[in-house]
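Inspection log for the structure reproduced underneath, given as structure tokens.
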Number of protein chains: 2
Amino acid sequence: MTDNIFKKHNLRITDIRKEVLDCFVQSDIALSHSDIELLLFKEYDRVTIYRTLNSFLEKGILHKVFDDSGVAKFALCKYDCNEHQHNDNHVHFKCEVCSKVICFHDMQIPHLPVLKGFSIHHINLLVQGVCPECQVQ
Amino acid sequence: MTDNIFKKHNLRITDIRKEVLDCFVQSDIALSHSDIELLLFKEYDRVTIYRTLNSFLEKGILHKVFDDSGVAKFALCKYDCNEHQHNDNHVHFKCEVCSKVICFHDMQIPHLPVLKGFSIHHINLLVQGVCPECQVQ
DNA sequence: AAAAATAGTGCAACACTGTTGCATATTTAA
DNA sequence: TTAAATATGCAACAGTGTTGCACTATTTTT
């Protein structure tokens, strides 16, 4: 199960890590620190949750998504990422009604014209709108 | 000068508004609340600066840019925006070295495939990389 | 199996961003 | 020039995120 993931990334297997990873495995939306805090079974210190999220981020288990609220959300990396390389450059969607952030794993970010003098490392694309569940018809 | 802008948007002409707007007119990068705080000539209350920025945002004088730090930055709207409509859907660039955020006013956000069930209102695109001044060669 | 080294957790404290309510001051319109 | 409307300053607060340090748990070494 998830234990292999930790071994693969040289992370010790602990309760909070298992629980936090489970939250992401079971969720189809991006989760923030406070989302996780509510989802966790046991109570853990706020700081420990932050550190757990950051270590997952560093190891390439999660990627960070920025929505318009300025609050960091996280989601599982679908492809093999590690501490050296993140391959998640897909589009994200934020519903303006329910505030959910969704990864469009299959929608790659379109290419942009080359910019003289600028080097590009990463591109973030966030689509804002209304998701299917929140449509009023 | 800038007074016309305030009249046009039904904002009273006050010292802080003139100063804050000047900051943006003179800056070619996006500015955060704390950037403004440092740039201002006179000292104003933090809250007043926040409110000034928000009223400019509402009236379409500024638009909000989100960089990866979660801190809101603002930049002048180039085209005629107002409280009902924002027309700024250009690409933004954030330099990973100097942290400056720049508007690429002339680079429109490319079209995306239509998503069944999702309606799109706005698209945010942030390019991260290194700007010309920070290139090491 | 015990000791040493390493890594993870909890707590206290803090910094920063942003908001609200309310009293006071300033603009603008009448 | 007064009244109404709007803007400002202050105090207080909530939320997000970080750091340092002591303590605990897990590995590795002997």
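Over chain B, DSSP H runs of length four or greater, each weighted -39,500 (n - 2.57), average out per residue to a 222 nm ellipticity of -8500 deg cm²/dmol.
Per residue of A:124-136, count partner chain C-beta atoms within 10 Å of its C-beta, then hand back the mean as an integer. Working shown, then result.
Numbers: counts 10, 9, 6, 10, 5, 7, 5, 4, 5, 1, 2, 3, 0.
The per-residue average across the peptide is 5.
For the protein assembly as shown, the fraction of alpha-carbon pairs lying more than 32 Å apart is 33 percent, rounded to a whole number. Counting charges near A:THR48 (Lys, Arg +1; Asp, Glu -1) among other residues having Cβ under 15 Å from its Cβ returns a value of +1. Relative contact order of the stretch B:3-134, taken over Cα pairs closer than 8 Å and 6 or more residues apart, is 19 percent. Label-point distances for B:HIS33 to the equivalent site in the other copies, using a point 7 angstrom along Cα→C-beta, read 1.7 nm when ranked shortest first. Could you tell me how far the Cα centroid of the stretch B:42-116 sits from the Cα centroid of the stretch A:100-134, in Å? First find each Cα centre; the distance between them is then 17 Å.
Within 13 Å, Cβ to Cβ, of A:HIS33, how many net charges do the neighbouring residues add up to if Lys/Arg are +1 and Asp/Glu are -1? So the environment of A:HIS33 carries a net charge of +1. Say the cut-off is 29 Å between C-alpha atoms; which of A:LYS59/B:LYS100; B:LYS78/B:LYS100; A:LYS7/B:LYS73; A:LYS18/A:LYS78 go over it? Table pairs above 29 Å Cα-Cα are A:LYS7/B:LYS73. Shielding by partners for peptide B:87-96, expressed as the average number of C-beta atoms from other protein chains within 10 Å of each residue's C-beta, is 2.
Counting only other chains, and only Cβ atoms inside 10 Å, what mean value do you get across the residues of B:112-123?
For this peptide, the per-residue mean of nearby foreign Cβ atoms is 6.
In nanometres and ascending order, the distances from the A:ASN82 label point to those of the other copies are 5.7 (point 7 Å from Cα along Cα→Cβ).
For the stretch A:1-133, the gyration tensor built on C-alpha atoms gives an oblate shape. Its axis ratio a/c (a ≥ b ≥ c) is at least 1.5, and a/b is not larger than b/c.
A short reminder: the numbers here are calculations on the coordinates, not readings from a lab. Note that the structure is predicted; figures quoted are calculated from it, not measured. A quick note on method: Cβ atoms are made from the backbone with ideal geometry, for glycine too, and the neighbour counts reach across all protein chains shown.
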